[in-house]
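One structure is given below, encoded as structure tokens.
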Amino acid sequence: MLKKGTKLYSILTGSCPKCHQESMYVNKNPYKPGHLFKMNERCGHCDTKYKIEPSFFYGAMYVSYAVGIAFAVAAFVIARLLFGASLIITFIAIVATMVLFMPVIIRLSRNIWINLFFKYEPESKALGN
Ligand SMILES: [Zn+2]
């Protein structure tokens, strides 16, 4: 279902936004301590430079608001509507979700952000940008 060539593939797997051939991250697991923000500088396959400009990924913070709200809404729906939890339990569930999924939210936001600037070009091997 999740096919290479769609933005969703790059966003969900954290792969290079241009060639989808390899991960942008040094370690694919965002929960590995100290590895959350560690990204390769360039794609080893198509040589895309991920950080377009020095503070490029600051923009991902805006995306993380939206992604964070999406997770909060999901937690609300599951706790309140699915399990019929009380308001206080629902609130705790939302906070716990946000904390637990923070690494995922941060990486998803970066992946979405970078995919706004690149598009899938499977043949763009080593054009050296
Ligand atoms: Zn690439």
Which peptide among 104-114, 79-89 comes first, and what is the full order, when sorted by highest mean count of other Cβ atoms within 10 Å? 104-114, 79-89
12 Å beta-carbon shell around Arg42, net charge (K/R +1, D/E -1): 0
Nearest 10 degrees, 0 to 90: what angle lies between the long axis of helix 87-100 and the longest principal axis of the chain (Cα atoms)? 20 degrees
Using only Cα atoms and rounding to the nearest 10 degrees, what angle (0 to 90) does helix 60-76 make with the longest principal axis of the chain? 30 degrees
Other-chain or far-sequence residues with amide H under 5 Å of Asp47's (modelled H): Ala126
Given 40-50, 3-13, the highest-first ranking by average Cβ count within 10 Å works out to 40-50, 3-13
Given the -39500 (n - 2.57) contribution per DSSP H run of 4+ residues, what per-residue ellipticity at 222 nm results for the chain, rounded to the nearest 500 deg cm²/dmol? -13000 deg cm²/dmol
Given the pairs Lys7/Lys119; Lys28/Lys119; Lys18/Lys51; Lys49/Lys119; Lys32/Lys119; Lys3/Lys32, which are separated by over 19 angstrom at their Cα positions? Lys28/Lys119; Lys32/Lys119; Lys3/Lys32
Cut-off under 17 Å on the C-alpha distance; same-chain residues fewer than 8 positions from Lys4 excluded. Which aspartates and glutamates are left, in chain and number order? Glu22, Glu121, Glu123
Explain nothing, just the number: relative contact order of segment 36-129, from Cα pairs under 8 Å at least 6 residues apart, as a whole percent. 43 percent
Using modelled backbone amide H atoms (1.01 Å from N, in-plane), which distant-in-sequence or interchain residues come within less than 5 Å of Ala85's amide H? Arg80
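We did not get these values from a lab; they are worked out from the coordinates using the rules stated. What you see is a predicted model, and the numbers here were worked out from it, not measured in a lab. Because the Cβ atoms are built from the backbone with ideal geometry, glycine has one as well, and the counts that use them run over all protein chains shown.
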